[in-house]
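> Structure provided below as structure tokens; questions to follow.
Bear in mind these aren't lab numbers, they're just calculated from the coordinates by the rules spelled out. Just so you know, these numbers come straight off a predicted model, no measurement behind them. Methodologically, a virtual Cβ is constructed for each residue, glycine included, from the backbone with ideal geometry; neighbour enumeration extends over all protein chains shown.
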Amino acid sequence: MIQAGRVAVNGRIRTDPETPVRLERDLIGVDGQPIASQNHVYLLMNKPRGVITTAADEKGRKTVYSLLGDGLPWVAPVGRLDKASEGLLLLTNHSEWGARVSSPETHLDKTYHVQVACVADAPLIDRITKGITTNEGDRLRAKAARILRGGEKNTWLEIVLDEGKNRHIRRMLAVLGIEVLRLVRVAIGPLTLGDLPKGASRTLSATEKQSLDAAMNNRTAEDTECARKRR
């Protein structure tokens, strides 16, 4: 668009994409129309099981976008929950913020409630917190885990991750021959799913957004201090 001469800065056409711009002062126009900054939207959804986290699906399966109301700007999922997983999913049009929330480098805790098809015990908790190596050589571990409640044939676990590898929990438990019956994400950092109905979504409150930002900033500061001490 810039090279085609469609973009103007302070009324003058600029064709060099490297032209510096002061976003807080300069007026930018496209095709003769001034552009305005887009208001950021932060949504929390309770993703149901069986819904996929993509904009479209070649197989015609239901996506999370079918659950959103009309009148919203385009939003993108923050990280992913696979088709069989459910629970807390964030969506936003603030791509930089979303990337930071989902980045493994942020080490933001993600909490899951997981129903497994076995009677769990302390040795199992010990194994998944110490770490397990997959057949592909990938090292997977939980930051923390505990037994929530159990029955005669299955158990609900609470598993906390501070990294987000693909299908992390399912792959980790599969190495041990344990089937995952349900997997529900219930929290990201201090942000909790609460009693939001399945399939529903709502806007984050200012307090929730600030709390999540503070948690990310605290983790970044802790990592910086640890790196300084190692040096």
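> Can you list the lysines whose alpha carbon sits under 28 Å from that of K47, skipping same-chain ones fewer than 8 residues off?
Partners found: K59, K62, K83, K110, K143, K153, K165, K198, K209.
> A further question follows. Round to the nearest 0.05 the FRET efficiency obtained for E136 and A55 when R0 = 35 Å and r is the Cβ-Cβ distance. Numbers along the way, then the final one.
Numbers: r = 29 Å, r/R0 = 0.83.
After rounding to 0.05, the efficiency reads 0.75.
> Same structure, new question: Just L161, L81, L173 to compare: in a GNM of the chain, with alpha carbon springs under 10 Å, which one fluctuates most?
It is L173.
> Quick one: plug the Kirkwood hydrodynamic radius of the range 135-175 (C-alpha pairs) into Stokes-Einstein at 4 °C, 1.567 mPa s, and report D in µm²/s.
Values: Rh = 11.5 Å.
The estimated diffusion coefficient comes to 113 µm²/s.
> Given 20 °C and 1.002 mPa s, how large is the Stokes-Einstein diffusion coefficient of the range 96-202 in µm²/s, with Rh as the Kirkwood radius over Cα pairs? Before the final figure, lay out the partial values.
Values: Rh = 14.6 Å.
The diffusion coefficient I find is 146 µm²/s.
> Follow-up. Measuring from label point to label point, each 7 Å out along Cα→Cβ, what is the V41 to I13 span in nm?
My value for the distance between the label points is 3.4 nm.
> If you average 1/r across every pair of different Cα atoms in the range 57-132 and take the reciprocal, what Kirkwood value do you get, in Å? Can you show the working numbers first?
On the way: mean 1/r = 0.0638 Å⁻¹.
About 15.7 Å, per the Kirkwood formula over Cα pairs.
> I would also like to ask the following. Given labels modelled 7 Å from the Cα in the Cβ direction, how far is it in nm from R202 to E96?
2.9
> Work the Kirkwood hydrodynamic radius out for the chain: mean of 1/r over every pair of different alpha-carbon atoms, inverted, in Å. Write down the numbers at each step before the final one.
Values: mean 1/r = 0.0490 Å⁻¹.
Result for the chain, one decimal place: 20.4 Å.
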